[in-house]
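The values are calculated or read from the model by the stated rules, or taken from the named source; none is laboratory data. What you see is a predicted model, and the numbers here were worked out from it, not measured in a lab. Glycine also receives a Cβ, built like all others from the backbone with ideal geometry; neighbour counts cover every protein chain displayed. Just the protein is used for accessible areas: all its heavy atoms, side chains included, with ligands, DNA and RNA removed. Shrake-Rupley method; radii C 1.70, N 1.55, O 1.52, S 1.80 Å.
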Amino acid sequence: MSDELTPAMRARALFPNQGMHRNAEFIANLHPLAIDYLEQAPVLAASFGVKANSRADRLYIASRIGGPIERGEKLKMVMASVGISAPLRKLKGYAIQPYMSDFVRELNDLSPSTLSQVIPERPHAQRKWLGALKTYRRRMRLNHSSPKAGFAWIAQHAHRCAEGEASDFADFVSRNKSVDISRWSFERMVNEVQLWHDRLAADNSLGKLGIGITPTTVIDLSDWPDHIEHGGFEFFKLSTPSMLMEEGRRMRHCVATYIPRVMNGGCHIYSIRIDMRRMATLEIVGQRAVQIKAFANKWPAKGVIDAADTFVRIHQPGAAA
């Protein structure tokens with residue numbers, strides 16, 4: 001009794017997901033050479049739907065892929081016969097899921113050179129990459145936007161997406177169509193999306209604060225100075241919603257969400273600048289500096305921190321008395 005694996009057995013062994021076994025076996029049984037092609041490019045099993053049950057469906061599939069295999073054509077030509085880009089041969093069987101039959105040709109929106117560069121090497125990363133791309137395009141359609149918008153960018157970074165991030169990125173791209181994200185790093189996208197969410201939250205907060213509250217309404221009515229020079233820096237009190245939102249946008253942090261706290265006197269916010277260049281954002285609670293952040297929530301230089309501490313001590317209301 002031979003221990004040699006049959007083509008169907010070899011085909012099944014490529015795919016941990018049993019939902020792919022039927023397609024894999026169908027291709028393997030088309031021709032003695034078919035299993036060799038499938039082992040080189042498991043994605044061939046995703047070239048048609050897992051519910052292609054009718055005889056007509058299967059004859060059509062066989063006519064598309066069987067001929068090139070029987071003629072012994074190059075793998076690139078076999079893949080082209082079913083509309084799959086050659087770089088997708090890199091995808092391992094572990095990464096290929098039944099849903100891909102409805103999605104794999106959408107990857108042709110990426111050039112072969114781009115695909116070659118962006119497909120991760122490890123199977124687990126490939127599965128994560130494909131899932132994020134699928135989620136991104138579905139979300140773009142739900143937002144009534146072209147799924148091609150931003151697709152080259154997400155293809156470069158999809159393997160890093162945490163759960164929910166691909167949808168968040170799609171929401172941002174679909175609602176900020178004029179923004180060019182092509183050269184953004186992953187970290188910048190995460191930060192910009194967070195700031196966008198913060199601005200939406202701030203706008204929503206304004207709507208809930210009551211009649212008469214506008215972006216230019218003065219909401220910090222405290223005796224803290226509106227503007228003062230100290231320690232080589234200028235300190236500007238951010239006393240309106242628009243000033244807080246602009247600070248958050250320029251500094252890429254979430255200070256815009258502090259609008260309700262400023263309004264009820266819970267804190268006071270200052271922009272620290274040199275020659276109108278924003279160096280840091282200062283939060284004062286009571287008579288103490290409780291938080292100071294530079295661009296993108298980074299830690300500011302020691303000189304800025306020292307100036308902020310002495311500013312609070314010297315210029316707090318009633319200090320001169």
With the condition kept exactly as written, say whether any residue in segment 152-170 is open to solvent by 10 Å² or more (accessible area, probe 1.4 Å), more than 19 Å from residue 115 (Cβ to Cβ), in contact with a helix residue (DSSP H, G or I) (Cβ under 7 Å, 6 or more places away or on another chain) and acidic (Asp, Glu). yes
Identify the single condition in (1) open to solvent by less than 70 Å² (accessible area, probe 1.4 Å); (2) in contact (Cβ under 8 Å) with a residue 40 or more places away in the chain that residue 16 does not satisfy, given that it satisfies every other one. (1)
Go through (1) surrounded by fewer than 20 Cβ atoms within 10 Å (Cβ to Cβ); (2) within 23 Å of residue 166 (Cβ to Cβ) one by one and return the number of the condition residue 107 breaks. (1)
Take the residues in segment 56-99 that are aliphatic (A, V, I, L, M) and part of a loop (DSSP other than H, G, I, E, B), then tell me which one is nearest to residue 21 (Cα to Cα). 96
Can you tell me which residues in segment 244-260 are out of contact with any strand residue (DSSP E or B) (no Cβ under 8 Å at 6 or more places or on another chain) and open to solvent by 60 Å² or more (accessible area, probe 1.4 Å)? 249
All but one of (1) of a type in the set (Ser, Thr, Tyr); (2) open to solvent by 40 Å² or more (accessible area, probe 1.4 Å); (3) modelled with pLDDT of 95 or more hold for residue 216; state the number of the condition that does not hold. (3)
The one condition in (1) touching a residue at least 60 places away in the same chain (Cβ under 8 Å); (2) over 22 Å from residue 78 (Cβ atoms) that residue 104 fails to fulfil: (2)
Give the residues of segment 249-289 that are touching a helix residue (DSSP H, G or I) at 6+ places or on another chain (Cβ under 7 Å), free of Cβ contacts under 8 Å to residues at least 24 places away in the same chain and farther than 18 Å from residue 218 by Cβ, sorted by residue number. 289
Identity of the residue in segment 290-317, free of Cβ contacts under 8 Å to residues at least 40 places away in the same chain and open to solvent by 50 Å² or more (accessible area, probe 1.4 Å), that ends up nearest to the chain's Cα centre (by Cα): 298
Could you say which residue among 71, 139 is surrounded by fewer than 21 Cβ atoms within 10 Å (Cβ to Cβ), modelled with pLDDT under 95, touching an Asp or Glu at 6+ places or on another chain (Cβ under 9 Å) and not acidic (Asp, Glu)? 139
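Okay, residues lined up against (1) among the small types (Gly, Ala, Ser); (2) under 34 Å from the mean Cα position of the chain (by Cα); (3) exposed (fewer than 12 other Cβ atoms within 10 Å of the Cβ):
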| position | (1), (2), (3) |
| --- | --- |
| 222 | yes, no, no |
| 262 | no, yes, no |
| 269 | no, yes, no |
| 277 | no, yes, yes |
| 280 | yes, yes, no |
Which residue is modelled with the highest pLDDT, if the candidates are limited to segment 161-213 and must be under 28 Å from residue 262 (Cα atoms) and outside any helix (DSSP H, G or I)? 213
